[in-house]
Amino acid sequence: MQIAEGVQLVTFGILSLLMLGAALGVVLFANIVYSAFLLGGVFISMAGIYILLNADFVSAAQILVYVGAVNVLILFAIMLVNKREDFKPLKNSWIRQGMTVVVCGGLFALLGSVSLVTPWKISTVMPLASSTVPIAKHFFTDFLLPFELASVLLLMSMVGAIILARRDFVPDTVTGITSTQDSLTLPERPRELAGK
Amino acid sequence: MFVLNGYEYLLGFLLTCSLVPILALSASKLLRPSGGGPERRTTYESGMEPIGGAWIQFNIRYYMFALVFVVFDVETVFLYPWAVAFSQLGLLAFIEALVFIAILVIALVYAWRKGALEWS
């Protein structure tokens, strides 16, 4: 049993509206934490659209990596550096806003016209019922070297992330590093409460 | 053309999921008495008084765990098709996947030795 044609259309409409609304929210909310959560909404709607395009593996990877890991990392980064500050409004901010409108509007017009003008080729091949098993077969036969190289790439990214995050390369003689460490390791709750 | 099987259950599940909070909130709005004192507006009614703001700065140590987690999350994505097609792939694919995991175990050992997994 499969989803009927009309239901697919309605689902696509709802997903697109969700995605556009969440993307607008990411841009327009002043509170950056709301923006980060709405970015997760954009990723989830995108995963739904991948399912509608018969790409179930890509959809699962999208949810697992983007919603589960990347968005959490973004939220952690926001909560780490987050200091509530009262920003003063800039003088002549209308120049910046006008420039932003021009650049974004031009980009939108360019991309919109390209997507309308391009003669999209629609594949006539019957899509696969599930893409996971063919992907696995390709991984272990003709795409074996990229598959193993991916693990080396992950190893390199992990080592690089640990070196950058721990700042091992900073010599001990540099003063001031301890003070920044102290300011970044604030206790989450007052000590007298944690002891109880 | 949509060919994936079984996704109508997912659609029904999502619809039910999105109906539950709407129904729960609107039912409680219909049933509850209106008004109430200032206690109604506290964060935890008849609970502890919250201390400080809700928006605290996270400890930087969480970030190390999140970084290590991202790497192993991507590894999961690569191993998932292997797990799905395990019975059709045979011994050679098993050894190849073991090589893949072994390289990432090196990453885990490195993170461990560097103390990235410790709550110091």
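Relative to the Cα centre, the charge distribution of the protein assembly as shown, modelled as +1 at Lys and Arg Cβ and -1 at Asp and Glu Cβ, gives a dipole magnitude of about 860 debye.
Between the helical axis of B:61-84 and the longest alpha-carbon principal axis of chain B there is an angle of about 60 degrees.
Computed from backbone phi, the HN-Hα couplings of region A:97-110 come to 5, x, 4, 4, 4, 5, 5, 5, x, x, 4, 5, 5, 4 Hz, rounded to whole numbers (Karplus: 6.51 cos²θ - 1.76 cosθ + 1.60, θ = phi - 60°; Gly and Pro given as x). The base-10 log of I(q)/I(0) for region B:58-119, evaluated at q = 0.17, 0.26, 0.27 Å⁻¹, reads -0.67, -1.07, -1.12 [Debye formula, identical scatterers on Cα atoms, solvent excluded].
To the nearest 20 debye, what charge dipole does chain B have about its Cα centre, counting +1 at the Cβ of each Lys and Arg and -1 at the Cβ of each Asp and Glu?
On the way: 7 positive and 8 negative charges, 70 e Å.
Dipole of chain B, to the nearest 20 debye: 340 debye.
For the protein assembly as shown, the orientation-averaged shadow of the C-alpha convex hull comes to 26.5 nm² (one quarter of the hull surface).
For region A:23-124, chymotrypsin sites (Phe, Trp or Tyr not before Pro) are listed when DSSP marks them as loop and at most 14 other Cβ atoms sit within 10 Å of their Cβ; the list is A:PHE29, A:PHE87, A:TRP120. Compared with the dominant Cα axis of chain B, that is its longest principal axis, helix B:7-31 is turned about 20°. Mean projection of the Cα convex hull over all viewing directions, computed for region A:1-82: 5.6 nm². Given in Å, the Rg to one decimal and the Dmax to the nearest whole number for the Cα atoms of chain B are 24.7, 70.
Computed from the coordinates by the stated procedures, all read-outs in this text should not be read as laboratory data. A quick note: this is a predicted structure, and the numbers were derived from the prediction, not measured. Counting neighbours? That spans all protein chains shown, and the Cβs are built from the backbone with ideal geometry, glycine included.
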